[in-house]
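Student: Have a look at the structure that comes next, please.
The values are calculated or read from the model by the stated rules, or taken from the named source; none is laboratory data. Here the structure is a predicted model, which means the values were calculated and not measured. Glycine gets a Cβ as well: all are built from the backbone with ideal geometry, and neighbour counts include every protein chain shown. With ligands, DNA and RNA removed, areas are computed over all heavy atoms of the protein, side chains included. Shrake-Rupley method; radii C 1.70, N 1.55, O 1.52, S 1.80 Å.
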Amino acid sequence: MPRYARLAVATAAVVGLAVPTFAQNAATAAADPGAAAIAAATPPAPAPLPQNPAHVLKYLSPDDLDPATLLAPPPADDSDQQKAEVAEVLRMQQAASQARRDQAVWDDRHESSELWIPTLGPIGFDLTKLPATTAMLDAVLHERDAAADVVKVYFGRRRPWTFNDDIQVCEAAGKGGSKVRAYPSGHGTLSYAQGIILAHLMPNKGQLVMARAEDFAESRMICGVHSRSDVRASAILGTTIGMLLLHNAKFRPLLDDARAELAAAGLTR
């Protein structure tokens, strides 16, 4: 698709996309001079969008999640806004209590449906007893993975710790992890995508769910791996994924099974 041309060019070297060689083009011209003339006058089609085979959208369409139309670009490197965001991350880390830092570490290690356990666990949200709900949330995670692969590569934003060595990183990979997949936050995208759906299924607990989604995303700043605009963008992308899945016919059986299961467990009241 033309809208993905820029992404394809940016990632071709990383994923090893095959491109026609000069020799192949010359052979085509020799075989059919007319075709060669047409090809010379026609702009080449963009390379196909590279996808991680483990992270291909199953329910949504790439058109639904086009980063060029869904999100504004992040602040430019060395801009005043970017510098202010890096400073904010450092201030948040310095002001955070030990308990909040510990939560950020826990949140980093639980990028899954388990993220809801601290908030919903005390009211009976036991994933071991909710297989249909777990399957539905896992499907949301998979869609998030596929969407994040595209959007993060498209923007290629640097992590805040790459601008200031004083920023600490609680991510498991530390500063050996990716430096340029900051926009948007993948954790935040997940919490908002799953949160929108859980709030829909458990409306009486909707505010509790969405507060947890926001707090989970905020942990990424305490963790030193995302800035404020990364977290804001994750709210947009995650909410978009969640709302689209709520109205997706292919996803509906998973949604209906989870709704029935949560009702039987008394979690919809």
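Student: Taking the condition of being over 19 Å from Pro118 (Cβ atoms) and of a type outside the set (Asp, Glu), how many residues in segment 205-233 meet it? Give the steps one after another, and end with the answer.
Tutor: Of the residues in segment 205-233, the ones over 19 Å from Pro118 (Cβ atoms) are 224-230, 232-233.
After this cut, where a residue has to be of a type outside the set (Asp, Glu) as well, the list is 224-229, 232-233.
Of the residues in that region, 8 qualify.
Student: From the list Leu237, Leu208, exactly one residue is open to solvent by 20 Å² or more (accessible area, probe 1.4 Å), under 24 Å from Gln103 (Cα atoms) and not in a loop (DSSP other than H, G, I, E, B). Which is it?
Tutor: It is Leu208.
Student: Here is a follow-up. For segment 120-142, which positions are crowded, with 22+ Cβ neighbours inside 10 Å and farther than 24 Å from Val105 by Cα?
Tutor: Thr133, Met136
Student: Which residue, of Leu198, Leu246, Leu190, is within 21 Å of Gly121 (Cβ to Cβ) and over 15 Å from the mean Cα position of the chain (by Cα)? Give the steps one after another, and end with the answer.
Tutor: Numbers: Leu246 fails: within 21 Å of Gly121 (Cβ to Cβ); Leu190 fails: over 15 Å from the mean Cα position of the chain (by Cα).
After applying the criteria, what remains is Leu198.
Student: Suppose we filter Met221, Met202 for residues that are farther than 25 Å from Ala68 by Cα and surrounded by 18 or more Cβ atoms within 10 Å (Cβ to Cβ); which single one remains?
Tutor: Values: Met221 fails: farther than 25 Å from Ala68 by Cα.
None of the other options fit; the residue is Met202.
Student: Does Ala258 satisfy the condition of being within 25 Å of Ala87 (Cα to Cα), out of contact with any His (no Cβ under 6 Å at 6 or more places or on another chain), of a type in the set (A, V, I, L, M, F, W, C) and open to solvent by less than 40 Å² (accessible area, probe 1.4 Å)?
Tutor: Working: within 25 Å of Ala87 (Cα to Cα): no; out of contact with any His (no Cβ under 6 Å at 6 or more places or on another chain): yes; of a type in the set (A, V, I, L, M, F, W, C): yes; open to solvent by less than 40 Å² (accessible area, probe 1.4 Å): yes.
So Ala258 fails the test.
Student: Residue pairs, Cβ under 6 Å, 6 or more apart or interchain, first in segment 130-149 and under 16 Å from Ala182 (Cα atoms), second open to solvent by 10 Å² or more (accessible area, probe 1.4 Å) and not in a helix (DSSP H, G or I). List them.
Tutor: Asp145/His55; Ala146/His55; Ala146/Val56; Ala146/Leu57; Asp149/Asn52; Asp149/His55
Student: Out of segment 152-184, which residues are without any contact (Cβ under 8 Å) to a residue 60 or more places away in the chain and either open to solvent by 40 Å² or more (accessible area, probe 1.4 Å) or within 14 Å of the chain's Cα centre (by Cα) (or both)? I'd like the intermediate steps shown before the answer.
Tutor: Initial filter on segment 152-184 (without any contact (Cβ under 8 Å) to a residue 60 or more places away in the chain): 152, 162, 165, 169, 173-181.
Matches in segment 152-184: Lys152, Asp165, Ala173, Lys175, Gly176, Ser178, Lys179, Val180, Arg181.
Student: If a residue has to be more than 13 Å from Met92 (Cβ to Cβ) and either acidic (Asp, Glu) or in contact with an Asp or Glu (Cβ under 8 Å, 6 or more places away or on another chain) (or both) to count, how many in segment 164-177 make the cut?
Tutor: So in segment 164-177, the residues more than 13 Å from Met92 (Cβ to Cβ) come out as 165, 169, 171-177.
Within this subset, residues satisfying the condition of being either acidic (Asp, Glu) or in contact with an Asp or Glu (Cβ under 8 Å, 6 or more places away or on another chain) (or both) are 165, 171-172, 177.
Number satisfying all stated conditions: 4.
Student: Would you pick out the residues in segment 244-255 that are more than 13 Å from Thr133 (Cα to Cα) and either open to solvent by 60 Å² or more (accessible area, probe 1.4 Å) or part of a helix (DSSP H, G or I) (or both)?
Tutor: The first filter runs over segment 244-255 and keeps only residues more than 13 Å from Thr133 (Cα to Cα), leaving 244-250.
Once the filter is applied, which keeps residues that are more than 13 Å from Thr133 (Cα to Cα) and either open to solvent by 60 Å² or more (accessible area, probe 1.4 Å) or part of a helix (DSSP H, G or I) (or both), segment 244-255 yields Leu244, Leu245, Leu246, His247, Ala249, Lys250.
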